[in-house]
1. Over the stretch 10-139, what is the relative contact order in percent, taking alpha-carbon pairs closer than 8 angstrom and at least six residues apart?
2. Pull up all non-local amide H partners of C34: gap of 5 or more, or a different chain, and H-to-H distance under 5 Å with H placed in the peptide plane.
3. Specify the inter-centroid distance of the stretch 142-204 and the stretch 88-132, based on alpha-carbon positions, in whole Å.
4. How much area per residue is accessible in the chain when the probe is 1.4 Å and only protein heavy atoms are counted (Å²)?
5. For the stretch 50-57, what does the Karplus curve 6.51 cos²θ - 1.76 cosθ + 1.60, with θ = phi - 60°, yield as ³J(HN,Hα) per residue in whole Hz, taken in order and with x for Gly and Pro?
6. Kirkwood hydrodynamic radius of the stretch 97-205 from all distinct Cα pairs, in Å?
7. So what's the stretch 1-128 giving for Rg/Rh, alpha carbon basis, Kirkwood Rh from the mean inverse pair distance?
8. For a 29 Å ceiling on Cα separation, which of these pairs sit above it: K92/K175; K62/K162; K31/K92?
Amino acid sequence: MSKKWHIHGDYLLGCNCDYGCPCNFNAPPTKGFCEGAIGFRVEDGAYNGVRLDGLSTFIGVKWPGAIHEGNGKASIYIDEEASAEQRDALIKIISGEAGGLPFEILANTFTEIIGPKFVPIEVKVAGKNTEVTVGNHIRMAFASIRNPVSGVETDSKVVLPKGMIFKEADQYSLKEFWLKDGSHFDMTLDGKCAAEHAKVQWPTG
């Protein structure tokens, strides 16, 4: 039985696909596989009465093909500022154990989960200047998407009225991205790759 929880806040992503992220349009990954990091910062949230406001959680992710094909690996990072009760709540949500979308679906695509690890997480949401640092494991910095012909910065937005993760998201490229956590997770992505920020209200279903 699903537990009662909700999260309103900021969703952030950096992945190896071209900016725009073909997964948003039911297309296969740009390079045939998917890897990167996703996470959120809670503005207003709770799990069975345990408040989660101000906390952040991120996952390093890697799938050998399209996400829905499964066989993925995940490495979970929880804000070290969280209390024992808050840590337990965040783990249950992001692992899918708490039920509800999007994590109940995502969890079914993983065959291996590493962690959780409790680390300092810093999130600065500032449009094209957004930055995320997750301990010594993840560093993500956004940049504007530039027109490939003129070089002019281009604002971009994806609207998905029936989206599982978000309904509307601002699209960026990556100025900097690296993820390091043992042999399963050691990646660096370049500026052609995708970055996203969305205001979310979960669960979505």
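1. Values: 239 pairs, mean separation 24.2, N = 130.
Relative contact order comes out at 19 percent.
2. Residues meeting the amide H criterion: W63, G65.
3. That distance is 16 Å.
4. Numbers: 9620 Å² over 205 residues.
It amounts to 47 Å² per residue over the chain.
5. 8, 6, 10, 4, x, 9, 10, 9
6. Numbers: mean 1/r = 0.0630 Å⁻¹.
With all distinct Cα pairs of the stretch 97-205 included, I get 15.9 Å.
7. Numbers: Rg = 14.6 Å, Rh = 15.2 Å.
Result for the stretch 1-128 is an Rg/Rh of 0.96.
8. On the way: K92/K175 32 Å; K62/K162 25 Å; K31/K92 31 Å.
Check vs 29 Å cut-off fails for K92/K175; K31/K92.
The values are calculated or read from the model by the stated rules, or taken from the named source; none is laboratory data. All of these numbers come straight from a predicted model, not from anything done at the bench. Please note: Cβ atoms are built from the backbone with ideal geometry, for glycine as well, and neighbour counts cover all protein chains shown. Surface areas here come from the heavy atoms of the whole protein model, side chains and all, with no ligands, DNA or RNA. Shrake-Rupley method; radii C 1.70, N 1.55, O 1.52, S 1.80 Å.
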